[in-house]
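**Student:** Have a look at the structure that comes next, please.
A short reminder: the numbers here are calculations on the coordinates, not readings from a lab. Computed from a predicted model, the values in this text were never measured in an experiment.
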Ligand SMILES: NC(=O)c1ccc[n+]([C@@H]2O[C@H](COP(=O)([O-])OP(=O)(O)OC[C@H]3O[C@@H](n4cnc5c(N)ncnc54)[C@H](O)[C@@H]3O)[C@@H](O)[C@H]2O)c1
């Protein structure tokens, strides 16, 4: 009997938002599984630190800073990956923001900023990478960072929940449209994770209590647990899974 093994040997993986908590954990998990990783974010110094730490561990890692909400940014990023690594096999769309605000106080700028990075940039990075995969004859994997906020309402998050609900629909639509090109598209939908993204929110003890009480398994998830789910979806073990939103939420959304 052959033992199932998770490996990404020699696969080229682009990870957006790789200076962040989840993007960084995913990049490390993919690199440890044998992938050649291309890190993307806004901050050169952070990317450089992660890339050199990875190179020290024998992981091939290149990087580029790029505002992917800027016109032409997603295509420029994908061009840079192809020129540095020769091709793209896997994309993880992890760049994202959240600015909790009362619905009656959300400014037009905050609404646009959230939708532009969480949804618009995710689509256009996927589009640029998808075109590249199709031109190469098909095959590839796209993994979108959604959230439990894509399927349940959370207070102070009108724009964020809207963006993540749309991410779930985007994931299914791209999966359907690109199935004929053997490009599979899935999403990972975590509950709250302790990263720089949530550090600020958890200064509010009441909020932290509400979060813990809402998770049947009784704790937040770790970045590594989210990375493991992305690793599974990126691997050959998940070749026939597409259009799926994989909850990594300790049971929050089953209630
Ligand atoms: N941390 C959580 O609790 C949690 C839970 C569910 C879903 N998520 C989702 O996971 C993803 C990653 O979250 P995280 O916790 O790693 O957040 P993070 O803030 O640690 O990382 C996000 C990264 O995206 C980058 N980014 C933001 N705007 C950008 C832009 N215009 N161009 C390029 N890069 C940009 C940031 O610089 C940052 O490094 C997000 O989509 C988030 O919505 C996070």
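**Student:** Using the Cα gyration tensor of region 195-255, with a ≥ b ≥ c the square roots of its eigenvalues, what is the shape: rounded (a/c below 1.5), prolate (a/b larger than b/c) or oblate (neither)? Intermediate values should be presented prior to the final figure.
**Tutor:** Numbers: a/c = 3.24, a/b = 1.97, b/c = 1.65.
Prolate shape, in that a/c is at least 1.5 and a/b is the bigger ratio.
**Student:** So what are the radius of gyration and Dmax for the Cα set of region 153-255, in Å?
**Tutor:** For region 153-255, the Cα radius of gyration and maximum Cα-Cα distance read 15.3, 49 Å.
**Student:** Mind pulling up the Rg/Rh value for region 1-76? Radius of gyration and Kirkwood radius, both on Cα. Write out the running numbers ahead of the final one.
**Tutor:** On the way: Rg = 13.4 Å, Rh = 12.8 Å.
Here the Rg-to-Rh quotient is 1.05.
**Student:** Right, next: When the chain is modelled as a GNM with alpha-carbon springs shorter than 10 Å, which of 125, 82, 188 fluctuates the most?
**Tutor:** 82
**Student:** Right, next: For helix 21-32, what angle does its Cα long axis make with the longest principal axis of the chain, in degrees from 0 to 90 and rounded to 10?
**Tutor:** Approximately 30 degrees, to the nearest ten.
**Student:** In 5 Å bins starting at zero, report the fraction of Cα pairs in region 62-148 per bin as a rounded %.
**Tutor:** 3, 13, 23, 22, 16, 10, 6, 4, 2, 1
**Student:** Moving to a separate point now. So how far, in whole Å, is the C-alpha centre of region 211-243 from the one of region 119-181?
**Tutor:** 16 Å
**Student:** Quick one: angle between helix 158-178 and the longest Cα principal axis of the chain, in degrees between 0 and 90, rounded to 10, please.
**Tutor:** For helix 158-178, the angle is close to 30 degrees.
**Student:** Then there's this: Going by the alpha-carbon gyration tensor, a ≥ b ≥ c the square roots of its eigenvalues, is region 46-88 rounded (a/c under 1.5) or, if a/c is not under 1.5, prolate (a/b greater than b/c) versus oblate?
**Tutor:** On the way: a/c = 4.59, a/b = 1.67, b/c = 2.76.
It is oblate, given that a/c is not under 1.5 and a/b is not larger than b/c.
**Student:** Quick one: among 65, 198, 171, which has the greatest mean-square fluctuation in a GNM of the chain with alpha-carbon springs under 10 angstrom?
**Tutor:** Residue with maximal mean-square fluctuation among 65, 198, 171: 198.
**Student:** Below 8 Å between Cα atoms, with a sequence gap of 6+, how large is the relative contact order for the chain in percent? Display every interim value, and only then the final one.
**Tutor:** On the way: 493 pairs, mean separation 51.1, N = 255.
Over the chain, the number comes to 20 percent.
**Student:** Viscosity 1.306 mPa s, temperature 10 °C: give me the Stokes-Einstein translational D for region 96-135 in µm²/s, with Rh taken as the Kirkwood radius over C-alpha pairs. Present the calculation step by step, with values, prior to reporting the outcome.
**Tutor:** On the way: Rh = 11.5 Å.
Roughly 138 µm²/s, to the nearest whole number.
**Student:** Using just the helices of the chain, give the 222 nm mean residue ellipticity in deg cm²/dmol: DSSP H runs with n ≥ 4 each add -39,500 (n - 2.57), and the total is spread over all residues, rounded to 500.
**Tutor:** -13000 deg cm²/dmol
**Student:** Once you have all Cα-Cα distances for region 125-200, histogram them in 5 Å bins from zero and send the whole-percent values.
**Tutor:** 3, 15, 22, 20, 14, 12, 9, 4, 1
**Student:** So in the chain, what percent of DSSP beta bridges are antiparallel if you round to the nearest 5? Write out the running numbers ahead of the final one.
**Tutor:** On the way: 0 of 28 bridges.
If I count the DSSP bridges inside the chain, around 0 percent turn out antiparallel.
**Student:** Cα axis of helix 44-56 to longest principal axis of the chain: angle in degrees, 0 to 90, nearest 10?
**Tutor:** Approximately 50 degrees, to the nearest 10.
**Student:** Then there is this: In region 1-153, what is the volume of the convex hull around the alpha carbon atoms, normalised per residue and reported in Å³? Provide the component values of the computation, followed by the final result.
**Tutor:** Values: hull volume 20.8 nm³, N = 153.
So the per-residue Cα hull volume is 136 Å³.
**Student:** Out of every Cα pair in the chain, what percent are spaced more than 35 Å from each other?
**Tutor:** Details: 3502 of 32385 pairs.
Pairs farther apart than 35 Å: 11 percent.
**Student:** When the chain is modelled as a GNM with alpha-carbon springs shorter than 10 Å, which of 49, 204, 41 fluctuates the most?
**Tutor:** Looking only at 49, 204, 41, the largest GNM fluctuation is found for 204.
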